[in-house]
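Okay, structure first, notes after.
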Amino acid sequence: METVLQTFDLTIGYGTIGYGRTRRGSHVGIPRQTTVVAKGLNLHLRAGEMVCLLGPNGAGKSTLMRTLAGMQPPLEGRVEIAGQDVQTMAPAQLARLLAIVLTERIDAGNLSAFDLVTLGRHPYTDWMGRLRETDHAVVEKALKAVQAESLRWRPVNELSDGERQKVMIARALAQEPVVLLLDEPTAFLDLPRRVEIMAMLRELTRATRCAILLSTHDLDLALRSADRLWLLETGGIIHTGVPEELVLNGAFAAAFRSTGVEFDASQGVFRLQRPHCGTAIVYGEGLHAYWTMRALERLGFETCSSHVQSHNGHGVLEVHIVHHDGLYAWVISHGRERKVHTSLTDLIESLMQALSKEAK
């Protein structure tokens, strides 16, 4: 695949500004020190792929995104888009190659969704911003690409967060970029809308051959959706590769290691570390068995299904899920004790009481 964005020995960071007085008494900004976030970065984006930029808070994801977009200069090295240095390109020229969607909500006033998307044509219009027939066609195509045709004449300030995000992405697409950068595009959305936006972005890479780089805290969605990950650790170390490879080599777990939280590579999820309170074997199948195991794990049990159990049953909690005429019951056996629960809530509350007594 064609490389459309590339960095060469890139060092990113920022300067701390202090204030001093001139001889005439006026205050001026004086650079005091430079903070390096990461250095020696040699990264690349390829046409038609979606890359997710991940990392813990404070690792420097926003600094990297702003540097790639030409919004702040690199401390060393350079960023090239389509073989051209971002820092030396004219703004209009850069806007034809790169578009960016930021986290911050913009005040669109009384603009309709259509009017806002037309602003994406600014690199192609004259100084008066007059739209030609071809510009209108590009705007319509962008609205269709994000499935926002029905929002065309709605005021932007009346749109939901999910609808507004679609329109902002359409505005970026109207620039016809080869690279699209998005900073936390799902930050204010509920889970269904986050899934929808990520699926839409993945489809856009295939349909437009645009390279998409997005920063996100949706780790599960990134693992499931991205073609590649850029995994930025605190301290400036960055790992790149397909999601599954970064899980297998331990880089993913290491980047997000935290007290009380661990990454379960076998399931691809983060789990809270809880005191171990025993082992439970669940006898049953389907969703009821799966969510029963999830509930038991939440309490601190190590769980396994009857199909993979390796215990002899001594001192182990056994949970049998019984199904008859559309009704479910949970029969638990612990040593010689046997109880029947008619709901999962009843089962969990009973176990919580028992564990509380043992703790005393």
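Worth a mention:
- Here GLY235 meets the list (1) within 18 Å of PRO56 (Cα to Cα); (2) within 19 Å of the chain's Cα centre (by Cα) almost entirely, failing just condition (2).
- For beta carbons closer than 7 Å, sequence separation of 6+ or different chains, a first residue in segment 299-323 that is within 24 Å of GLU358 (Cβ to Cβ) and surrounded by fewer than 16 Cβ atoms within 10 Å (Cβ to Cβ) and a second that is at pLDDT 85 or above and not aliphatic (A, V, I, L, M), the qualifying pairs are GLU302/THR279; HIS311/THR279.
- Restricting SER112, SER150 to those that are more than 30 Å from LEU43 (Cα to Cα) and open to solvent by 30 Å² or more (accessible area, probe 1.4 Å) reduces the list to SER150.
- ARG271 loosely packed, with under 14 Cβ neighbours inside 10 Å, closer than 30 Å to LEU68 by Cα and modelled with pLDDT under 90: no
For (1) among the acidic types (Asp, Glu); (2) out of contact with any Leu (no Cβ under 6 Å at 6 or more places or on another chain); (3) outside any strand (DSSP E or B); (4) assigned by the TED database to the domain that holds ARG164, each residue gets a yes or a no:
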site: ALA99; (1), (2), (3), (4): no, no, no, yes
site: GLU104; (1), (2), (3), (4): yes, yes, yes, yes
site: ASN110; (1), (2), (3), (4): no, yes, yes, yes
site: PRO123; (1), (2), (3), (4): no, yes, yes, yes
site: ASP126; (1), (2), (3), (4): yes, yes, yes, yes
site: ARG130; (1), (2), (3), (4): no, yes, yes, yes
site: THR134; (1), (2), (3), (4): no, yes, yes, yes
site: VAL139; (1), (2), (3), (4): no, yes, yes, yes
site: ALA142; (1), (2), (3), (4): no, no, yes, yes
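- When each of ASP183, ASP161, ASP190 is tested for being within 18 Å of ARG105 (Cα to Cα) and either open to solvent by less than 30 Å² (accessible area, probe 1.4 Å) or outside the structural domain of PRO91 (by the TED database) (or both), the lone residue that passes is ASP183.
- For segment 175-182, the criterion of being among the hydrophobic types (A, V, I, L, M, F, W, C) and more than 26 Å from GLY60 (Cα to Cα) is met by none of the residues.
- Among the residues making up segment 200-217, those that are open to solvent by less than 60 Å² (accessible area, probe 1.4 Å) and closer than 24 Å to PRO56 by Cα are LEU201, ALA211, ILE212, LEU213, LEU214, SER215, THR216.
- Note on segment 137-147: residues that are without any contact (Cβ under 8 Å) to a residue 12 or more places away in the chain and either open to solvent by less than 50 Å² (accessible area, probe 1.4 Å) or not charged (D, E, K, R) (or both) total 1.
- Failed criterion for VAL282 (all others in (1) within 19 Å of LEU53 (Cβ to Cβ); (2) at pLDDT 90 or above; (3) aliphatic (A, V, I, L, M); (4) more than 16 Å from the chain's Cα centre (by Cα) hold): (1)
- Scanning segment 56-95 for residues that are surrounded by fewer than 19 Cβ atoms within 10 Å (Cβ to Cβ), assigned to a loop (DSSP other than H, G, I, E, B) and on the phi < 0 side of the Ramachandran plot yields PRO56, ASN57, MET71, GLN72, PRO73, LEU75, MET89, ALA90.
- Single residue of segment 171-180 satisfying the filter (of a type outside the set (Gly, Ala, Ser) and assigned to a loop (DSSP other than H, G, I, E, B)) that is surrounded by the most Cβ atoms within 10 Å (Cβ to Cβ): PRO177
- Check on VAL247, out of contact with any strand residue (DSSP E or B) (no Cβ under 6 Å at 6 or more places or on another chain) and among the aliphatic types (A, V, I, L, M): yes
- Residue within segment 234-252 that is of a type in the set (D, E, K, R), under 22 Å from GLY48 (Cα atoms) and touching a residue at least 24 places away in the same chain (Cβ under 8 Å) present: no
- Within segment 144-170, being hydrophobic (A, V, I, L, M, F, W, C), in a loop (DSSP other than H, G, I, E, B) and more than 19 Å from LEU204 (Cα to Cα) holds for TRP153, LEU159.
The values are calculated or read from the model by the stated rules, or taken from the named source; none is laboratory data. This is a predicted model, so every value here is computed, not measured. Because the Cβ atoms are built from the backbone with ideal geometry, glycine has one as well, and the counts that use them run over all protein chains shown. Heavy atoms of the whole protein, side chains included, go into the accessibility calculation; ligands, DNA and RNA do not. Shrake-Rupley method; radii C 1.70, N 1.55, O 1.52, S 1.80 Å.
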